[in-house]
Amino acid sequence: MKTRNYRAQLLEMRRQLVGDMQRALEAIPEEIHPPGEHDIAPSEGVDVEISLERQDEAELRGIDAALQRIKEGSFGKCVSCGVEIPAARLGAVPYATHCVRCEKQLDETVR
């Protein structure tokens, strides 16, 4: 498995995500109250920021964990059963931690 390609893909995803998060956070006050309107209510900005952060931070944690697995040499193996995660899955979701079978089992458990 060519981890170098996945590493480059993950680093690019990370760079884009961090940039997107920063731009979104900078734009919050203007989106809630256009320039010239009253100051933003403290709770309004916090609620929007928390919603954005939860989603993006989960993806960022996944990316960082995948980069760590590359360093450790465990990248591309299912953390539940140890089988190799198919290249097609890693191509679509390079920070995937489970093979398709284990991911389905997790999804069924959560429901």
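Where a number appears in this text, it was derived from the coordinates with a stated rule and is not lab data. If you're wondering where the values come from, they're calculated on a predicted model, not measured in any experiment.
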Practice item. Subtracting the Cα-Cα distance from 0.36 nm times the residue separation, let me have the gained length for Val18 to Arg89 in nm, one decimal. Key: 23.2 nm
**Study point:** From the C-alpha gyration tensor of region 69-111, square roots of 5λ in Å
**Key:** 19, 11, 8
